Amino acid sequence: MTVNTPLCFRGKSILAPMVRVGTLPMRLLALDYGADIVYCEELIDIKMLQCKRVVNGKYNVLDTVDFVAPNERIVFRTCERERHCVMFQMGSADAERALAVAKLVESDVAGIDINMGCPKEYSTKGGMGAALLSDPDKIESILTTLVKGICKPVTCKIRILPSVEDTVNLVKRIEKTGVAAIAVHGRNKEERPQHPVHCDVIKAISEAVSIPVIANGGSHDFIKEYMDIETFQKATAASSVMIARAAMWNPSVFRKEGLFPLKKVMQDYIKYAVRYDNHYTNTKYCLCQMLREQLETTQGKKLHAAQSTQEICEVFEMADFYEETTTVFTAKKTSLETKVQDEDDQMHDPDVIKMAVRFDKREYPPQITPKMYLLEWCRKEKHPQPVYETIQRPLDRLFSSVVTVAEQKYKSTLWDKSKKLAEQAAAIVCLRTLGVPEGKLCEGENNLINKRRREDQECLNNRDHGDDGAEPSHKKANFIEGASEINVPEM
């Protein structure tokens, strides 16, 4: 049995939590360059509680653990590489909600951090972030609940208060909750990066408490490269240093050997973005933060215009890498999907007729579908209406449908992203097994289209004669009469 060593917060170089920047590619790159601990971007408790934990690794393509919102958006993605050094930063103003989220992610992260310093409205409007600084009772409640409720270390990140005395008193109260460390941004909530960082206040805090103090806010005044990290640490007497903007501009600031050229850093970042299927808008945002004053160059303008990960790769001369990586992923996914689907199929009724097909609406005329053709064939043959039974696989939330026609069941072995697509695929399997046309454009004359055109014309004629009661044909798509007009073979 492997015993995990508790995370240590002394003598560490740490990637700070940064909204939109602290996603998986940036965290992994910072670790590669020498960061000891990485914080994810602040994630709001209410949004996290809506998420499902999905282990991507069943298909072994990304090998990630994803927390997926109801709209399919990935709110938090992590992987084994960072599990023992990633801190999950949460925005919360409620102790029980914070604990529920902590329990949700606890097994996938190294610790939990509560944001008590962000001055932006998206964080403070719900009483979170810097808004907590004026409510020490709530701070104590949240942190105490977390420390008692989970096994992983708990930390918090604050800004300083208007007076040194008030700040030290707050930190001493925080220390009593049992947190493992406290990160201090050496500015108050009204101050911005252009204001000097108050090293003296961080130093006073460091000298007043026994828990590790993590100094933050030195990018503007101190930190330009690795050797500056130690300078900032000595100026604040802190146990560790947390870096935000200097790492956002060039994460190789964590390298003891010195900074890498920006081109290499950006290419290294893109490799992780492609490898872990990072959304292209987030990838583009992070790259723009690195380019900074170079955004007006030809390369910067091309990056700004990019509308996909592939186009971003082309901007940075990485088109071949993109093609090679996506080809490998596609082949791997197809192979493993087939294996999983075969396993799934063995668990179901062996009498079901199966084919590996998908419905592509581009192959069919507008408003014509295989389900419509199957319904018409059943009516012509005087069979009961097709019956569809659809299930959703919990692991990846994909759908599979079985259609029963004349007491025989049919299904596609490929799982689809929606119930409707799965049903259409099942209908295709049935039609192809029966040798019945399914309505594709390549099948030539489409009598169902001709029929509907006649119905539309009749509707227009009725309106011309003052009959507003005629029902448009598109509302009758699943209830078309006169099946004898459709050219389907006799069985």
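The values are calculated or read from the model by the stated rules, or taken from the named source; none is laboratory data. Since the model is a prediction, treat every value here as computed from it, not as a measurement. Neighbour counts run over all protein chains shown; Cβ positions are idealised from the backbone, glycine included. Keep in mind that these areas ignore ligands, DNA and RNA; they rest on the heavy atoms of the full protein, side chains included. Shrake-Rupley method; radii C 1.70, N 1.55, O 1.52, S 1.80 Å.
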ask   = So is M355 open to solvent by 20 Å² or more (accessible area, probe 1.4 Å), closer than 25 Å to D396 by Cα, at pLDDT 90 or above and more than 20 Å from the chain's Cα centre (by Cα) or not?
value = yes
request  = Could you pull out every one of the helices (runs of 4 or more DSSP H) wholly within the stretch 1-107 that has 1 or more residues that are open to solvent by 70 Å² or more (accessible area, probe 1.4 Å), touching a residue at least 60 places away in the same chain (Cβ under 8 Å) and under 20 Å from V265 (Cβ atoms)?
outcome  = 24-33
message = Just the residues that are over 11 Å from C430 (Cβ atoms) and either in contact with a His (Cβ under 8 Å, 6 or more places away or on another chain) or assigned to a helix (DSSP H, G or I) (or both), please, taken from the stretch 376-386.
response = E376, R379, K380
note = Checked against (1) at pLDDT below 90; (2) surrounded by 15 or more Cβ atoms within 10 Å (Cβ to Cβ), Q310 satisfies every condition except (1)
request  = Provide a single number: the residues in the stretch 200-238 that are open to solvent by less than 40 Å² (accessible area, probe 1.4 Å), of a type in the set (A, V, I, L, M, F, W, C) and in a loop (DSSP other than H, G, I, E, B).
outcome  = 4
ask   = What single numbered condition from (1) touching a Phe, Trp or Tyr at 6+ places or on another chain (Cβ under 7 Å); (2) surrounded by 15 or more Cβ atoms within 10 Å (Cβ to Cβ) fails to hold for R379?
value = (1)
task = Within the stretch 108-157, count every residue that is farther than 16 Å from L7 by Cα and in a loop (DSSP other than H, G, I, E, B).
result = 9
ask   = Hey, does the stretch 177-199 have a residue that's touching a residue at least 24 places away in the same chain (Cβ under 8 Å), among the basic types (K, R) and either in a loop (DSSP other than H, G, I, E, B) or open to solvent by less than 40 Å² (accessible area, probe 1.4 Å) (or both)?
value = yes
remark   = When restricted to L104, L43, the only residue within 17 Å of the chain's Cα centre (by Cα) and under 30 Å from R192 (Cα atoms) is L43
task = Inspect the stretch 246-255 for any residue being in a helix (DSSP H, G or I) and over 30 Å from the mean Cα position of the chain (by Cα) and give the result as yes or no.
result = no
query = Regarding R397, is this residue open to solvent by 10 Å² or more (accessible area, probe 1.4 Å), closer than 27 Å to N71 by Cα and without any contact (Cβ under 8 Å) to a residue 60 or more places away in the chain?
reply = no
Top-ranked residue in the stretch 401-439 [being among the small types (G, A, S) and farther than 14 Å from D360 by Cβ; ranked as surrounded by the fewest Cβ atoms within 10 Å (Cβ to Cβ)] = G435
key: Hits in the stretch 282-300 (condition: in a helix (DSSP H, G or I), loosely packed, with under 13 Cβ neighbours inside 10 Å and either touching a residue at least 12 places away in the same chain (Cβ under 8 Å) or not acidic (D, E) (or both))   = R292, T298
request  = Name, by its number, the condition in (1) basic (K, R); (2) crowded, with 18+ Cβ neighbours inside 10 Å; (3) farther than 29 Å from V68 by Cα that does not hold for K256.
outcome  = (2)
